[in-house]
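So the structure is just underneath, and the comments pick up after that.
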Amino acid sequence: GAGVSQSPSNKVTEKGKDVELRCDPISGHTALYWYRQSLGQGLEFLIYFQGNSAPDKSGLPSDRFSAERTGGSVSTLTIQRTQQEDSAVYLCASSLSLQGEKLFFGSGTQLSVL
Amino acid sequence: QQQVKQSPQSLIVQKGGISIINCAYENTAFDYFPWYQQFPGKGPALLIAIRPDVSEKKEGRFTISFNKSAKQFSLHIMDSQPGDSATYFCAGLTGYALNFGKGTSLLVTP
């Protein structure tokens, strides 16, 4: 596609439910990132994929968060047993470079946990 | 912890004026300093970037000034326009992970 695509664009869920957020990166981009954007908190790094492997999961806030990437393309971020503090915009980015020099971001998924 | 500190949190500038956003960093391993621009409902987009061996980089109305000894860098937007109204993020890169500042919300009034 022309850019990074994320779905859904908005997700409202109840506390305790599981959610899956999807990211379709730009074709051919080897590196894929997930960031979380909370109001007034900037962009918080969650996880980085190099191909299908995730050498750095250090940013995941808790073991309720997990992510996978298949076929070197689509990635899914899963949040189990959602909590109200998980409410945020989840941004996916991809990059041709493995050094993270130019990230192309999707428009994000706005997650609201009630 | 916050490795890049950005100020101000918000900024209002009149059309035609100069917008200045400042960032300070802690990690001397950073080797690339980009600025991203984000419009409401969109993801951030790379605006301009600099490496620490250069003191200034200019692209059109946008200039980065970099002071390695002070561990500070700033974005200057000359002749600011209402279309520049957005949130701006500075960042530092080490390895593959960008560390972002908390952002500056810029409003350019007509």
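The values are calculated or read from the model by the stated rules, or taken from the named source; none is laboratory data. What you are looking at is a predicted structure, and each value in this text was computed from that prediction instead of being measured. Heads up, the Cβs are rebuilt from the backbone with ideal geometry, glycines too, and the neighbour counts pull from every protein chain shown. What goes into the accessible areas is simple: the full protein's heavy atoms, side chains included, and nothing from ligands, DNA or RNA. Shrake-Rupley method; radii C 1.70, N 1.55, O 1.52, S 1.80 Å.
Annotations
- Hey, residue A:20 open to solvent by 40 Å² or more (accessible area, probe 1.4 Å), without any contact (Cβ under 8 Å) to a residue 60 or more places away in the chain and within 11 Å of chain B (Cβ to nearest Cβ) or not: no
- Qualifying residue in segment A:73-89 (condition: within 29 Å of residue B:105 (Cβ to Cβ), free of Cβ contacts under 8 Å to residues at least 60 places away in the same chain, surrounded by 14 or more Cβ atoms within 10 Å (Cβ to Cβ) and within 13 Å of chain B (Cβ to nearest Cβ)): yes
- Boolean, residue B:84 is at positive phi, acidic (Asp, Glu) and touching a residue at least 24 places away in the same chain (Cβ under 8 Å): no
- Single residue of segment A:100-114 satisfying the filter (open to solvent by less than 60 Å² (accessible area, probe 1.4 Å) and in contact with an Asp or Glu (Cβ under 9 Å, 6 or more places away or on another chain)) that is nearest to the other protein chains (Cβ to nearest Cβ): A:106
- Complete set of residues in segment A:9-33 that are touching a Leu at 6+ places or on another chain (Cβ under 9 Å) and over 19 Å from residue A:113 (Cα atoms): A:23, A:25, A:26, A:28, A:29, A:30, A:31, A:33
- Unique residue being open to solvent by 10 Å² or more (accessible area, probe 1.4 Å), touching a strand residue (DSSP E or B) at 6+ places or on another chain (Cβ under 8 Å) and within 11 Å of chain B (Cβ to nearest Cβ) when the list is A:66, A:97: A:97
- Test: residue in segment A:37-58 that is in contact (Cβ under 8 Å) with a residue 40 or more places away in the chain and more than 14 Å from chain B (Cβ to nearest Cβ): no
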